[in-house]
Amino acid sequence: MPFRILSLDGGGIRGVVTATILAAIEQRINQPLNQYFNLIAGTSTGSLLAAAIARGCHSKEIIDLYKQKGKLIFPYQSRFSLQRIPLILKYGLSAPKFSDSGLIQVLKEALGDTKLLDITKPQLLIVSYDTITREPIIFKSWRQDKGYGDVPLWEACLCSASAPSYFPAHKLEKRVNGIVKNGTPQTITLDDDASAIENIYNDTQIRITNGTGNGQTRTINKYAGTNRLAFLDSSWTKIPDNTSTYSIKCIYSAIDGGVAANNPSSCAVAEALRLGYKAEEITVLSVGTGHRTRVIPFEQAQSWGLIQWAQPLIGILFDASSNIHEYITNQIIHNQALRLQFKLDRELINKPLNDDIDDVSQDNICNLIEATEVYINQPKVQVALQEFLRINQ
(Lines give C-alpha, C1' and ligand atoms only; values in the text may rest on other atoms or scores of the structure.)
Protein backbone atom coordinates (compact mmCIF):
# COMPACT_ATOMS: atom_id res chain seq x y z
CA MET A 1 0.00 0.00 0.00
CA PRO A 2 1.55 3.36 -0.99
CA PHE A 3 2.05 6.17 1.48
CA ARG A 4 -0.11 8.91 -0.03
CA ILE A 5 0.80 12.56 0.38
CA LEU A 6 -1.40 15.55 -0.48
CA SER A 7 0.60 18.78 -0.81
CA LEU A 8 -1.14 22.16 -1.04
CA ASP A 9 0.55 25.41 -2.11
CA GLY A 10 0.12 28.92 -0.78
CA GLY A 11 -1.54 31.66 -2.82
CA GLY A 12 -4.04 33.67 -0.78
CA ILE A 13 -7.54 33.82 -2.25
CA ARG A 14 -6.29 31.64 -5.11
CA GLY A 15 -6.66 28.77 -2.65
CA VAL A 16 -10.13 28.54 -4.23
CA VAL A 17 -8.33 27.00 -7.25
CA THR A 18 -6.91 24.26 -5.03
CA ALA A 19 -10.26 23.69 -3.33
CA THR A 20 -12.01 23.35 -6.70
CA ILE A 21 -9.47 20.78 -7.93
CA LEU A 22 -9.82 18.85 -4.68
CA ALA A 23 -13.62 18.87 -4.94
CA ALA A 24 -13.34 17.16 -8.33
CA ILE A 25 -10.88 14.58 -6.97
CA GLU A 26 -13.04 13.94 -3.91
CA GLN A 27 -15.97 13.22 -6.21
CA ARG A 28 -13.79 10.99 -8.38
CA ILE A 29 -12.54 8.78 -5.54
CA ASN A 30 -15.91 8.84 -3.75
CA GLN A 31 -14.12 9.11 -0.43
CA PRO A 32 -13.24 11.90 2.02
CA LEU A 33 -9.73 13.16 1.38
CA ASN A 34 -8.70 12.73 5.01
CA GLN A 35 -9.41 9.00 4.66
CA TYR A 36 -7.61 8.63 1.34
CA PHE A 37 -4.32 10.42 2.12
CA ASN A 38 -1.84 9.44 4.83
CA LEU A 39 -0.17 12.84 5.17
CA ILE A 40 -1.50 16.26 4.20
CA ALA A 41 0.92 19.20 3.96
CA GLY A 42 0.02 22.85 3.46
CA THR A 43 1.62 26.28 3.32
CA SER A 44 -0.16 29.61 3.81
CA THR A 45 -3.65 29.33 2.30
CA GLY A 46 -2.73 25.69 1.71
CA SER A 47 -2.37 25.25 5.47
CA LEU A 48 -6.00 26.29 5.95
CA LEU A 49 -7.04 23.79 3.28
CA ALA A 50 -4.84 21.06 4.77
CA ALA A 51 -6.07 21.64 8.32
CA ALA A 52 -9.73 21.80 7.31
CA ILE A 53 -9.48 18.63 5.23
CA ALA A 54 -7.61 16.83 8.02
CA ARG A 55 -10.52 17.71 10.34
CA GLY A 56 -12.95 16.13 7.88
CA CYS A 57 -14.24 19.13 5.93
CA HIS A 58 -15.31 18.58 2.34
CA SER A 59 -13.68 20.62 -0.40
CA LYS A 60 -16.97 22.23 -1.43
CA GLU A 61 -17.32 23.67 2.08
CA ILE A 62 -13.90 25.29 1.69
CA ILE A 63 -14.87 26.75 -1.69
CA ASP A 64 -17.84 28.38 0.04
CA LEU A 65 -15.50 29.69 2.75
CA TYR A 66 -13.34 31.48 0.17
CA LYS A 67 -16.40 32.91 -1.57
CA GLN A 68 -18.14 34.07 1.59
CA LYS A 69 -15.26 34.97 3.93
CA GLY A 70 -12.62 36.29 1.53
CA LYS A 71 -13.54 39.90 2.23
CA LEU A 72 -13.05 39.38 5.96
CA ILE A 73 -9.44 38.37 5.31
CA PHE A 74 -8.76 40.94 2.57
CA PRO A 75 -11.25 43.76 3.30
CA TYR A 76 -9.90 46.26 0.73
CA GLN A 77 -7.49 46.33 -2.21
CA SER A 78 -5.79 49.73 -2.04
CA ARG A 79 -3.04 50.41 0.47
CA PHE A 80 -4.48 53.93 0.66
CA SER A 81 -7.79 52.73 2.07
CA LEU A 82 -9.02 54.66 5.10
CA GLN A 83 -9.54 51.31 6.83
CA ARG A 84 -5.75 51.00 6.99
CA ILE A 85 -5.28 54.09 9.18
CA PRO A 86 -5.27 52.13 12.51
CA LEU A 87 -2.46 49.95 11.16
CA ILE A 88 -0.44 53.01 10.13
CA LEU A 89 -0.94 54.56 13.57
CA LYS A 90 0.23 51.33 15.19
CA TYR A 91 3.15 50.35 12.94
CA GLY A 92 4.00 53.48 10.92
CA LEU A 93 3.79 54.25 7.20
CA SER A 94 5.41 50.96 6.26
CA ALA A 95 2.69 49.00 8.09
CA PRO A 96 1.37 45.71 6.69
CA LYS A 97 -1.46 46.08 4.21
CA PHE A 98 -3.97 44.27 6.43
CA SER A 99 -4.67 43.58 10.07
CA ASP A 100 -4.71 39.87 10.89
CA SER A 101 -8.00 40.19 12.80
CA GLY A 102 -10.15 39.07 9.88
CA LEU A 103 -7.81 36.16 9.10
CA ILE A 104 -7.90 35.06 12.74
CA GLN A 105 -11.71 35.23 12.78
CA VAL A 106 -11.99 33.07 9.65
CA LEU A 107 -9.44 30.53 10.90
CA LYS A 108 -11.15 30.21 14.29
CA GLU A 109 -14.56 29.78 12.67
CA ALA A 110 -13.24 27.15 10.26
CA LEU A 111 -11.06 25.16 12.68
CA GLY A 112 -12.72 25.71 16.04
CA ASP A 113 -10.97 24.56 19.19
CA THR A 114 -9.08 21.73 17.49
CA LYS A 115 -5.40 21.56 18.41
CA LEU A 116 -2.55 20.37 16.23
CA LEU A 117 -1.99 17.17 18.21
CA ASP A 118 -5.71 16.32 17.99
CA ILE A 119 -5.10 15.41 14.33
CA THR A 120 -3.96 11.80 14.42
CA LYS A 121 -5.12 10.51 11.04
CA PRO A 122 -4.09 11.67 8.53
CA GLN A 123 -0.83 13.19 9.68
CA LEU A 124 -0.72 16.95 9.16
CA LEU A 125 2.27 19.14 8.28
CA ILE A 126 2.18 22.95 8.16
CA VAL A 127 5.06 25.20 7.10
CA SER A 128 5.93 28.61 8.56
CA TYR A 129 9.15 30.59 9.03
CA ASP A 130 10.76 32.10 12.12
CA THR A 131 12.43 35.48 11.58
CA ILE A 132 14.38 35.19 14.85
CA THR A 133 16.25 31.94 14.18
CA ARG A 134 15.98 32.42 10.39
CA GLU A 135 14.74 28.84 10.09
CA PRO A 136 11.52 27.18 8.91
CA ILE A 137 8.95 26.11 11.48
CA ILE A 138 7.56 22.72 10.48
CA PHE A 139 4.43 22.01 12.51
CA LYS A 140 3.85 18.25 12.73
CA SER A 141 0.73 16.73 14.23
CA TRP A 142 2.62 13.61 15.32
CA ARG A 143 5.46 15.34 17.21
CA GLN A 144 4.57 16.11 20.81
CA ASP A 145 8.17 16.98 21.68
CA LYS A 146 8.49 20.12 19.55
CA GLY A 147 8.85 23.62 20.99
CA TYR A 148 5.49 24.84 19.69
CA GLY A 149 3.70 22.20 21.79
CA ASP A 150 0.00 21.51 21.33
CA VAL A 151 -0.69 24.75 19.47
CA PRO A 152 -4.29 25.50 18.39
CA LEU A 153 -4.73 24.49 14.77
CA TRP A 154 -5.95 27.97 13.79
CA GLU A 155 -2.78 29.49 15.23
CA ALA A 156 -0.47 27.16 13.33
CA CYS A 157 -2.30 28.22 10.15
CA LEU A 158 -2.01 31.88 11.12
CA CYS A 159 1.76 31.45 11.47
CA SER A 160 1.85 29.84 8.03
CA ALA A 161 -0.31 32.51 6.35
CA SER A 162 1.18 35.75 7.76
CA ALA A 163 2.58 36.93 4.43
CA PRO A 164 5.23 39.67 4.75
CA SER A 165 3.92 43.12 3.77
CA TYR A 166 0.32 41.79 3.80
CA PHE A 167 -0.06 40.74 7.47
CA PRO A 168 1.91 41.32 10.67
CA ALA A 169 4.25 38.60 11.88
CA HIS A 170 2.65 36.42 14.55
CA LYS A 171 4.18 35.91 18.00
CA LEU A 172 3.94 32.29 19.12
CA GLU A 173 5.20 30.99 22.45
CA LYS A 174 8.01 28.48 22.21
CA ARG A 175 9.73 26.11 24.62
CA VAL A 176 13.36 25.08 24.14
CA ASN A 177 13.99 21.92 26.16
CA GLY A 178 17.28 20.15 26.76
CA ILE A 179 19.80 18.56 29.10
CA VAL A 180 22.29 20.68 31.04
CA LYS A 181 25.92 20.11 30.07
CA ASN A 182 27.44 22.08 32.91
CA GLY A 183 26.68 24.75 35.50
CA THR A 184 28.48 27.35 37.61
CA PRO A 185 26.96 29.67 40.23
CA GLN A 186 25.93 32.25 37.57
CA THR A 187 26.03 30.36 34.25
CA ILE A 188 24.60 27.31 32.59
CA THR A 189 25.85 25.49 29.50
CA LEU A 190 23.07 24.20 27.27
CA ASP A 191 23.16 21.07 25.16
CA ASP A 192 24.10 20.87 21.47
CA ASP A 193 20.47 21.14 20.34
CA ALA A 194 20.27 24.70 21.68
CA SER A 195 20.72 27.57 19.25
CA ALA A 196 24.22 28.68 18.27
CA ILE A 197 22.96 32.20 17.47
CA GLU A 198 24.57 34.88 19.62
CA ASN A 199 22.26 36.50 22.22
CA ILE A 200 19.15 34.71 20.94
CA TYR A 201 18.04 33.77 24.47
CA ASN A 202 18.77 37.15 26.03
CA ASP A 203 16.05 38.27 28.51
CA THR A 204 14.31 34.88 28.44
CA GLN A 205 13.51 32.70 31.43
CA ILE A 206 15.15 29.32 31.97
CA ARG A 207 13.67 26.80 34.37
CA ILE A 208 15.28 23.62 35.67
CA THR A 209 12.61 20.98 35.13
CA ASN A 210 14.28 17.87 36.58
CA GLY A 211 17.41 16.66 38.36
CA THR A 212 19.79 18.75 40.45
CA GLY A 213 18.35 22.21 41.10
CA ASN A 214 14.85 21.22 40.00
CA GLY A 215 12.27 24.03 40.17
CA GLN A 216 14.66 27.00 39.97
CA THR A 217 13.95 29.78 37.46
CA ARG A 218 16.40 32.44 36.32
CA THR A 219 16.58 35.08 33.59
CA ILE A 220 19.28 34.81 30.93
CA ASN A 221 21.05 38.18 30.67
CA LYS A 222 23.47 37.22 27.92
CA TYR A 223 23.88 34.18 25.71
CA ALA A 224 27.14 33.16 24.03
CA GLY A 225 25.85 31.07 21.17
CA THR A 226 29.19 29.63 20.06
CA ASN A 227 29.68 27.93 23.44
CA ARG A 228 25.94 27.67 24.23
CA LEU A 229 26.73 29.41 27.49
CA ALA A 230 24.03 31.42 29.27
CA PHE A 231 24.89 34.12 31.84
CA LEU A 232 22.18 34.58 34.47
CA ASP A 233 20.68 37.51 36.39
CA SER A 234 21.31 35.86 39.76
CA SER A 235 23.13 32.89 41.22
CA TRP A 236 21.67 29.40 41.45
CA THR A 237 20.62 28.25 44.90
CA LYS A 238 21.69 24.78 43.86
CA ILE A 239 23.90 24.53 40.77
CA PRO A 240 22.40 22.33 37.99
CA ASP A 241 24.61 19.60 36.54
CA ASN A 242 24.43 16.99 33.78
CA THR A 243 21.60 15.21 35.59
CA SER A 244 19.41 18.29 35.14
CA THR A 245 16.98 19.19 32.35
CA TYR A 246 15.92 22.71 31.43
CA SER A 247 13.18 24.58 29.59
CA ILE A 248 13.58 28.08 28.11
CA LYS A 249 10.50 30.18 27.49
CA CYS A 250 10.87 32.27 24.32
CA ILE A 251 8.96 33.05 21.13
CA TYR A 252 8.73 32.42 17.43
CA SER A 253 8.31 35.43 15.15
CA ALA A 254 6.30 33.58 12.54
CA ILE A 255 5.72 34.67 8.95
CA ASP A 256 4.32 33.00 5.85
CA GLY A 257 5.83 29.59 5.16
CA GLY A 258 5.96 30.48 1.48
CA VAL A 259 9.33 32.15 2.03
CA ALA A 260 10.68 28.67 2.85
CA ALA A 261 8.45 26.22 0.95
CA ASN A 262 5.39 27.63 -0.80
CA ASN A 263 5.03 24.16 -2.26
CA PRO A 264 5.56 21.87 0.77
CA SER A 265 5.78 18.62 -1.22
CA SER A 266 9.48 17.96 -0.63
CA CYS A 267 9.06 18.70 3.09
CA ALA A 268 6.32 16.06 3.21
CA VAL A 269 8.45 13.57 1.26
CA ALA A 270 11.37 14.15 3.65
CA GLU A 271 9.09 13.43 6.62
CA ALA A 272 7.75 10.27 4.98
CA LEU A 273 11.33 9.06 4.53
CA ARG A 274 12.08 9.90 8.18
CA LEU A 275 9.02 7.92 9.21
CA GLY A 276 10.57 4.87 7.57
CA TYR A 277 8.89 4.72 4.15
CA LYS A 278 10.99 3.99 1.08
CA ALA A 279 10.97 6.40 -1.86
CA GLU A 280 9.25 3.84 -4.07
CA GLU A 281 6.41 3.57 -1.52
CA ILE A 282 5.63 7.31 -1.54
CA THR A 283 3.20 9.07 -3.87
CA VAL A 284 2.47 12.80 -3.97
CA LEU A 285 -0.47 14.76 -5.31
CA SER A 286 0.76 18.36 -5.37
CA VAL A 287 -1.82 21.06 -6.07
CA GLY A 288 -0.92 24.65 -6.90
CA THR A 289 -2.97 27.84 -6.85
CA GLY A 290 -2.19 28.88 -10.42
CA HIS A 291 1.03 29.86 -12.16
CA ARG A 292 1.65 33.60 -12.45
CA THR A 293 2.18 34.82 -16.02
CA ARG A 294 2.74 38.54 -15.37
CA VAL A 295 6.01 39.46 -17.07
CA ILE A 296 8.62 41.70 -15.45
CA PRO A 297 10.61 43.00 -18.43
CA PHE A 298 14.39 43.14 -18.22
CA GLU A 299 14.39 46.94 -18.32
CA GLN A 300 12.23 47.07 -15.17
CA ALA A 301 14.10 44.30 -13.36
CA GLN A 302 17.35 46.09 -14.15
CA SER A 303 16.30 49.52 -12.94
CA TRP A 304 13.90 48.83 -10.06
CA GLY A 305 14.90 49.67 -6.51
CA LEU A 306 13.47 48.89 -3.09
CA ILE A 307 10.11 50.59 -3.61
CA GLN A 308 9.35 49.00 -7.00
CA TRP A 309 10.42 45.52 -5.90
CA ALA A 310 8.59 45.60 -2.56
CA GLN A 311 5.31 44.08 -3.75
CA PRO A 312 6.25 41.82 -6.71
CA LEU A 313 9.21 40.35 -4.84
CA ILE A 314 6.92 38.33 -2.56
CA GLY A 315 5.27 36.64 -5.53
CA ILE A 316 8.63 35.95 -7.18
CA LEU A 317 10.01 34.35 -4.02
CA PHE A 318 6.92 32.20 -3.59
CA ASP A 319 6.96 31.09 -7.26
CA ALA A 320 10.66 30.22 -7.14
CA SER A 321 10.16 28.27 -3.91
CA SER A 322 7.29 26.27 -5.43
CA ASN A 323 9.27 25.37 -8.53
CA ILE A 324 12.36 24.31 -6.58
CA HIS A 325 10.40 22.06 -4.21
CA GLU A 326 8.55 20.51 -7.16
CA TYR A 327 11.94 19.74 -8.73
CA ILE A 328 13.26 18.15 -5.52
CA THR A 329 10.13 16.03 -5.11
CA ASN A 330 10.34 14.78 -8.68
CA GLN A 331 14.00 13.88 -8.28
CA ILE A 332 13.25 11.77 -5.21
CA ILE A 333 10.08 9.91 -6.23
CA HIS A 334 10.11 10.42 -10.01
CA ASN A 335 6.86 9.42 -11.75
CA GLN A 336 5.02 8.82 -8.48
CA ALA A 337 4.20 12.53 -8.17
CA LEU A 338 1.43 14.43 -9.94
CA ARG A 339 1.46 18.22 -10.05
CA LEU A 340 -1.85 19.94 -10.85
CA GLN A 341 -1.60 23.61 -11.77
CA PHE A 342 -2.43 25.85 -14.73
CA LYS A 343 -1.33 29.25 -16.01
CA LEU A 344 -3.29 32.26 -14.84
CA ASP A 345 -4.01 33.61 -18.31
CA ARG A 346 -6.99 33.76 -20.68
CA GLU A 347 -6.29 30.47 -22.40
CA LEU A 348 -8.84 28.33 -20.55
CA ILE A 349 -11.93 30.58 -20.46
CA ASN A 350 -10.89 33.79 -22.25
CA LYS A 351 -11.49 35.79 -19.07
CA PRO A 352 -8.97 37.61 -16.85
CA LEU A 353 -7.49 35.63 -13.94
CA ASN A 354 -5.85 37.94 -11.41
CA ASP A 355 -2.74 36.50 -9.80
CA ASP A 356 -2.92 38.88 -6.81
CA ILE A 357 -3.36 36.96 -3.58
CA ASP A 358 -5.91 39.48 -2.26
CA ASP A 359 -8.31 40.04 -5.17
CA VAL A 360 -11.51 38.81 -3.52
CA SER A 361 -13.88 40.35 -6.04
CA GLN A 362 -16.70 37.99 -6.96
CA ASP A 363 -15.74 38.27 -10.65
CA ASN A 364 -12.21 37.09 -9.95
CA ILE A 365 -13.27 34.24 -7.65
CA CYS A 366 -15.88 33.04 -10.13
CA ASN A 367 -13.37 33.25 -12.99
CA LEU A 368 -10.82 31.25 -11.00
CA ILE A 369 -13.40 28.55 -10.24
CA GLU A 370 -14.60 28.42 -13.85
CA ALA A 371 -11.05 28.16 -15.21
CA THR A 372 -10.23 25.42 -12.72
CA GLU A 373 -13.27 23.37 -13.72
CA VAL A 374 -12.25 23.62 -17.38
CA TYR A 375 -8.65 22.67 -16.52
CA ILE A 376 -9.46 19.63 -14.39
CA ASN A 377 -11.79 18.25 -17.10
CA GLN A 378 -9.21 18.49 -19.88
CA PRO A 379 -8.51 15.01 -21.33
CA LYS A 380 -4.75 15.15 -20.64
CA VAL A 381 -5.38 16.12 -17.01
CA GLN A 382 -7.97 13.37 -16.61
CA VAL A 383 -5.54 10.80 -18.02
CA ALA A 384 -2.78 11.94 -15.66
CA LEU A 385 -5.17 11.85 -12.70
CA GLN A 386 -6.43 8.39 -13.65
CA GLU A 387 -2.86 7.09 -13.81
CA PHE A 388 -2.07 8.63 -10.40
CA LEU A 389 -5.12 7.00 -8.85
CA ARG A 390 -4.17 3.68 -10.47
CA ILE A 391 -0.70 3.58 -8.89
CA ASN A 392 -2.31 4.39 -5.54
CA GLN A 393 -4.55 1.35 -5.53
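The values are calculated or read from the model by the stated rules, or taken from the named source; none is laboratory data. As the structure is a prediction and not an experimental result, all values here were calculated from the model. Note that each Cβ is placed from the backbone with ideal geometry, even for glycine, and that neighbours are counted across all protein chains shown. Side chains are part of the model used for accessible areas, which takes the heavy atoms of the whole protein and leaves out ligands, DNA and RNA. Shrake-Rupley method; radii C 1.70, N 1.55, O 1.52, S 1.80 Å.
Report, by chain and number, residues whose modeled amide H sits under 5 Å from the one on Thr209, excluding near sequence neighbours (fewer than 5 apart, same chain).
Gly215, Thr245, Tyr246, Ser247
Hey, rough spin-label estimate for Arg390 and Thr133, points 7 angstrom out along Cα→Cβ, what's it come to in nanometres?
Result for the modelled spin labels: 4.4 nm.
Using the per-residue mean of other Cβ atoms lying within 10 Å as a proxy for protection, in what order, highest first, do the peptides 290-303, 90-103 fall?
The most tightly packed comes first, giving 90-103, 290-303.
Would you kindly derive the ³J(HN,Hα) couplings of the range 121-134 from the backbone phi angles with the Karplus curve 6.51 cos²θ - 1.76 cosθ + 1.60 (θ = phi - 60°), listing them in order in whole Hz, with x for Gly and Pro?
Each residue of the range 121-134 in turn: 8, x, 6, 10, 10, 10, 9, 9, 8, 9, 6, 7, 7, 6 Hz.
From largest accessible area down, sort Ser7, Ser195; use a 1.4 Å probe on the protein chains.
The ordering from most to least exposed comes out as Ser195, Ser7.
Got a sec to turn the phi values of the range 385-393 into Karplus ³J(HN,Hα) couplings, 6.51 cos²θ - 1.76 cosθ + 1.60 with θ = phi - 60°, whole Hz, x for Gly and Pro?
5, 4, 5, 5, 5, 5, 6, 9, 6
By how many degrees, 0 to 90 and rounded to 10, does the Cα axis of helix 312-333 deviate from the longest principal axis of the chain?
The two axes meet at around 90 degrees.
Under the rule of at least 5 residues apart or a separate chain, name every residue whose amide H is placed under 5 Å from the amide H of Lys121.
Hits under the 5 Å cutoff: none.
Give me the lysines in straight-line cross-link reach of Lys146: C-alpha distance below 21 Å, same-chain residues under 8 apart excluded.
Output for Lys146: Lys115, Lys121, Lys171, Lys174, Lys181, Lys249.
Could you check the spin-label model distance between Leu273 and Lys121? Points 7 Å from the Cα along Cα→Cβ, value in nm.
2.8 nm
Residue-wise, which Karplus ³J(HN,Hα) couplings in Hz belong to the range 276-284, taking 6.51 cos²θ - 1.76 cosθ + 1.60, θ = phi - 60°, and x for glycine or proline?
Computed from phi, the couplings for the range 276-284 are x, 7, 7, 4, 6, 8, 9, 10, 9 Hz.
Once the Cα gyration tensor of the range 164-320 is found, what semi-axes does its equivalent ellipsoid get, as square roots of 5 times the eigenvalues, in whole Å, sorted largest first?
Output for the range 164-320: semi-axes of 43, 23, 12 Å.
Helix 265-274 versus the longest principal axis of the chain: what is the Cα-based angle in degrees, 0 to 90, to the nearest 10?
Long axis of 265-274 versus the principal axis of the chain: about 50 degrees.
Considering only protein heavy atoms, with the full assembly of protein chains and a 1.4 angstrom probe, order Leu153, Leu306 by accessible area, largest first. Display every interim value, and only then the final one.
On the way: Leu153 0, Leu306 155 Å².
The most accessible residue leads, giving Leu306, Leu153.
Pull out the extension gain between Thr204 and Asn30, defined as 0.36 nm times the separation in residues minus the alpha carbon to alpha carbon distance; nm, one decimal.
Full extension from Thr204 to Asn30 adds 57.5 nm.
Give me the accessible area of Cys157, 1.4 Å probe, in Å² rounded to the nearest 10.
0 Å²
Measuring from centroid to centroid over Cα atoms, what is the spacing of the range 194-244 and the range 52-112 in Å?
39 Å
Specify whether the C-alpha gyration tensor of the range 6-160 places it in the rounded, prolate or oblate class, a ≥ b ≥ c being the square roots of the eigenvalues: rounded for a/c under 1.5, otherwise prolate if a/b is larger than b/c and oblate if not.
Values: a/c = 2.29, a/b = 1.36, b/c = 1.69.
Because a/c hits 1.5 or more and a/b fails to exceed b/c, the range 6-160 counts as oblate.
5 Å is the cut-off here: which amide hydrogens, built 1.01 Å from N in the peptide plane, fall below it relative to Lys343, excluding neighbours closer than 5 in sequence?
Answer set, sorted by chain and number: His291.
Go ahead and run the numbers for FRET between Leu89 and His334, Cβ-Cβ distance against an R0 of 51 Å, rounding to 0.05.
After rounding, the FRET efficiency stands at 0.40.
Where does the range 1-85 land on Rg/Rh, using Cα atoms and the Kirkwood Rh?
Result for the range 1-85 is an Rg/Rh of 1.08.
Tilt of helix 45-54 relative to the longest C-alpha principal axis of the chain, in degrees (0 to 90, nearest 10)?
The answer is roughly 90 degrees.
Run through the DSSP bridge list for the chain and note the antiparallel percent, rounded to the nearest 5.
Among the beta bridges of the chain, antiparallel pairing accounts for roughly 65 percent.
At 1.4 Å probe size, with the rest of the protein present, what percent of the exposed accessible area of the chain is carbon and sulfur atoms? Before the final figure, lay out each step's value.
Working: 9280 of 18240 Å².
Exposed carbon and sulfur together represent 51 percent of the surface.
What shape does the range 257-393 have by the C-alpha gyration tensor, where a ≥ b ≥ c are the square roots of the eigenvalues, rounded means a/c under 1.5, and otherwise prolate means a/b greater than b/c and oblate the rest?
Oblate, since a/c reaches 1.5 and b/c is not below a/b.
With 10 Å bins from zero, work out the P(r) of the chain over every alpha carbon pair and list the percent per bin.
Pairs per bin, as whole percents: 5, 22, 29, 23, 14, 6, 2, 0.
Please work out the Kirkwood hydrodynamic radius for the range 97-217, using every pair of different C-alpha atoms, and report it in angstroms with one decimal place.
The answer is 16.6 Å.
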